[in-house]
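For reference, the structure discussed in these notes is given below.
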Amino acid sequence: MLSDCRPCYMFLSLYVMPSDSAPSRSLFLVVAIAVLLASPGASGQGLVDLLDRARTGEPAFLSAGADVDIARARKDLAHAALLPQVSVSAAASKYDRNYHTRLPGFPDADDRYRSASQQLNVTQALIRVPELMAVRQSDHVLAQARHQHDGAEQALKLRLLTVWFDLLAARDNETFTTRQLLTLERQWDIVLRGNALGLYSGVQLQDARARLEQGRADAATARAELAVQRSQLELLTGPLTLERLPVLVEDAELDGLLTDNLDHWLELSAGGNPALQAALSAFEAATAEVAKQRAGHLPTLELVASYSNNGQGAGGFPGQAGYDIRQGSVGLQLSMPLYTGGGQSARVHEAVAQRERARHDIELSRRQAVAEVSQAWLGWESARARVAAGRQTFDAARAALLQAQRGLARGVASDFEVLQAEQQVLAAQRDYHKGRYDQVVATMRMRASAGLLRDVDFSALDALLAEQSAPTAVAVRATAMETVR
């Protein structure tokens, strides 16, 4: 499945490493812990599901979507100013008129009548340069809103991935501190019994007690950090029912980016960074605004047509007959602004200043894009180096643990030394996992800066977290039993 997504996942390749063959009771414990951590999340809440939940409830992303709808509506409004404007009006009245003349000998008169009128008006713009510039501007504003929406989506995806792997790292640290606390408690029991037998001094006893208390504090801190990271994830997705969290598949190598270089990613970011593209669209919109305001000095020409029908039951004086009038007109209407008190010139100056600000925003966005990609690239290289070092440290810690166990069996090492070696194995495993998480997040950060973080990336990461990609508990137990034999 991953091979079908090669452009997105060049950095994902798997290899299988041979298992150790030396007997080790403590090594079995370490491997069992790794298997427990590699169990997939419950309730089918993988990264794809979490992304779907974040899309439907994250306010900043939904707000960016609403901005696109607003820009689309404003574009329709700008187009409407160039289309025919049609209006109709109608009126009906009832009159009761009493007529009294001041000349002697003329009788008074009373009139009761009705009148009605209907009128249709049509106006079609022929020359309206400001409205034409407004249409062009609305296209750029809509493009800007869409780029901002894309940027909000990239930010949402990156934030979700960052929080998710921070949660996994917090889970690993909580597991490490819990196991470390168990080991420190065993060390404390050994030192306490040895002190009673005179094998350990009081200073060693105090040191063991101090390390035990520190271990308890570390475990409590790790539990709190795990709860905090879980709450950060729920800020994006809403309440979760995750019972167990997965880890990246053991033996997954994330070195596919070696075929690329920083210049390649800088080029991708220059052409696809959503914030930079939004800034470019904003500059085009500001340029159109300058043209629109300058066109405010130009004349406008409209085609005006009307048709009316008026009827009245009596004339203007008593005794006159009623009438019906039908009238139509078609003409051109020219408007030319002569003086607006300097207001139009002020609006032009304002638009020019806004265009200059938009120009500077482009450079700012470009520099930020370069900084984001460079920092992500350096973070990826750092994480890659830490992964390589962590792998070696983990292997060395396992070898030291086996040596300590063999020394214990031969009577040349103590239980205390074995427990210390177990702690080194657990710490090395935690640091190795953290380096791999950071490497994945740095990779996705580069993709997000270039606007290339897609839904299929989440599917690929879910595949790396899938249960079938990790050794099962039965297989590990069988391997461990074979190793003991």
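The values are calculated or read from the model by the stated rules, or taken from the named source; none is laboratory data. Everything numeric here is computed off the predicted structure, so don't read it as measured data. All Cβ positions, glycine included, derive from the backbone under ideal geometry; neighbour counts span all protein chains shown. Ligands, DNA and RNA are stripped out before the accessible areas are found, and what is left, the full protein with its side chains, is counted by its heavy atoms. Shrake-Rupley method; radii C 1.70, N 1.55, O 1.52, S 1.80 Å.
Key figures for this structure:
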| read-out | value |
| --- | --- |
| Solvent exposure of segment 289-415 as accessible area per residue, Å², 1.4 Å probe | 62 |
| Simple label model, 7 Å out from Cα along Cβ direction - ASP189 to LEU82, nm | 8.4 |
| Extension gain from THR241 to GLN368, taking 0.36 nm per residue of separation minus the Cα-Cα distance | 42.0 nm |
| Distance (nanometres) between label positions extended 7 Å along Cα→Cβ at LEU120 and VAL203 | 10.8 |
| Computed accessible area, SER231, all protein chains, 1.4 angstrom probe, square angstrom | 50 |
| Of all accessible heavy-atom area on segment 377-425, the percent that carbon and sulfur account for (1.4 Å) | 52 |
| Solvent exposure, largest accessible area first (probe 1.4 Å, DNA, RNA and ligands not counted), of ASP111, ASP431 | ASP431, ASP111 |
| Sum of side-chain charges, LEU161 neighbourhood, beta-carbon under 11 Å (Lys, Arg +1; Asp, Glu -1) | +2 |
| Proximal lysines to LYS75, defined as alpha-carbon separation beneath 19 angstrom and excluding residues fewer than eight positions away on the same chain | LYS292 |
| Positive-end residue, segment 211-368 charge dipole about Cα centroid, Cβ charges, pick of ALA279, LEU235, ASN309 | ASN309 |
| Net +/- balance of residues flanking ALA116 in space, Cβ distance below 13 Å, scoring K and R +1, D and E -1 | +2 |
| Gained length - ARG357 relative to ALA109, 0.36 nm times residue gap less alpha-carbon distance | 81.8 nm |
| Efficiency of FRET between VAL412 and HIS264 - r from beta-carbon atoms, R0 51 angstrom, step 0.05 | 0.40 |
| Cα centroid separation - segment 102-144 against segment 363-432, whole Å | 80 |
| Size of electric dipole in segment 205-336: Cβ of Lys, Arg +1 and of Asp, Glu -1, about Cα centre, debye, nearest 20 | 1000 |
